[in-house]
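First up is the structure itself, then whatever we jot down about it.
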Amino acid sequence: MGRAFEFRKARKMKRWSAMAKTFTRIGKDIVIAVKEGGPNPESNSRLRAVIQNAKAANMPKDNIERAIKKASDKDTANYKEVLFEGYAPHGIAILIETATDNNNRTVANIRSYFNKCNGTLGTQGSVEFMFDHTCNFRIPAEGQDVEELELEMIDYGVEEIFADEDGIVMYAPFESFGAIQKELESRNIEILSSGFDRIPQVTKELSAEEAADVEKLLEKIEEDDDVMNVYHTMQERDTDDEE
């Protein structure tokens, strides 16, 4: 298996946002998508993708429709997507994706987390190059031959494909998202969920004590309401006692 498979496995192992946080993130995604391309999912491919993800997260249909209606209101503030880069202790690079309606607040908060945990908030471009920006799609496994599908989808940018307990997962470069989405839809293949990841090109192994220092910073960042995703170069500690 390739790097995308290992990355996904590590992310699934880790405790990740509670359901409330997931719904908050999806709500922001809906606002961004609607402000960008309108409230009709048929003509707005980004909104279609967000709705699929909302369903995959078991977000009630009423909540989805309410969020789209609210996002259509001209008085609803738009969210700006801002990327933060920096270093945790022990040389671990961190990349933070945020969606904010108040950039000054978000900058101040993120800087304070780094300062409190002996990290350093970096400048634009200081660590982003250490991560591959990828897109991913999850489809049902039923009726699909993984090897055959891989051969067919290579032309649309798919670089890695594998089956897990949730279906078939495809990974491709960030810019291939639209082409893959269009091809899957034209084949009437259900897209269960889709999204974007930043996969570290190289990871660094730390001792348990060092990892705890990094985790302290990651937890503070992840708890922030403006934060959508956090990526880092620390090697996940795959030990029995973490299960």
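Taking the convex hull of the alpha carbon positions in segment 25-106 and averaging its projected area over all directions gives 6.8 nm².
Highest GNM mean-square fluctuation among A57, A33, A172, for the chain modelled with Cα contacts below 10 Å: A57. What fraction, in whole percent, of alpha-carbon pairs in segment 87-146 exceed 18 Å separation? When all Cα pairs of segment 87-146 are counted, 53 percent exceed 18 Å.
The packing ranking of peptides 118-125, 94-101, highest mean first, is 94-101, 118-125, where packing means the average number of other beta carbon atoms within 10 angstrom of each residue. Over 18 Å apart at the Cα level, from the set K35/K70; K116/K220; K21/K220; K21/K55; K9/K55, are K9/K55. When each of the peptides 146-157, 189-200, 226-237 is scored by how many other beta carbons lie within 10 Å of its residues on average, the order from highest to lowest is 226-237, 189-200, 146-157. Leaving ligands, DNA and RNA out of it, report the carbon-plus-sulfur percent of the accessible area of the chain at a 1.4 Å probe. Carbon and sulfur: 47 percent of the exposed surface of the chain.
Of the listed values (i) 21.0; (ii) 19.2; (iii) 20.3, identify the label whose number matches Kirkwood radius over Cα pairs in Å calculated from this model. Evaluating Kirkwood radius over Cα pairs in Å on these atoms matches (ii). Please report, to two decimal places, log10 I(q)/I(0) for segment 161-243 at q = 0.15, 0.25 Å⁻¹ as given by the Debye formula with identical point scatterers on the Cα atoms and no solvent. Once normalised to I(0) and log-transformed, intensities are -0.82, -1.26. Based on protein heavy atoms only, segment 13-139 ends up with 52 Å² per residue of surface accessible to a 1.4 Å probe.
Using the 1.4 Å probe convention, the accessible area of segment 141-243 works out to 55 Å² per residue with neighbouring protein chains retained. Helix-derived [θ] at 222 nm for the chain: sum -39500 (n - 2.57) over DSSP H runs of at least 4, divide by residue count, nearest 500? That calculation yields -13000 deg cm²/dmol at 222 nm.
Less than 5 angstrom separates the built amide H of D101 from those of K80, all sequence-distant by 5 or more or on a different chain. Here the gap between E205 and K35, fully extended at 0.36 nm per residue and compared with their Cα-Cα distance, gives a gain of 57.0 nm.
The values are calculated or read from the model by the stated rules, or taken from the named source; none is laboratory data. What you see is a predicted model, and the numbers here were worked out from it, not measured in a lab. Glycine also receives a Cβ, built like all others from the backbone with ideal geometry; neighbour counts cover every protein chain displayed. Each accessible area value is taken on the protein alone, full model and side chains, heavy atoms only, with ligands, DNA and RNA left out. Shrake-Rupley method; radii C 1.70, N 1.55, O 1.52, S 1.80 Å.
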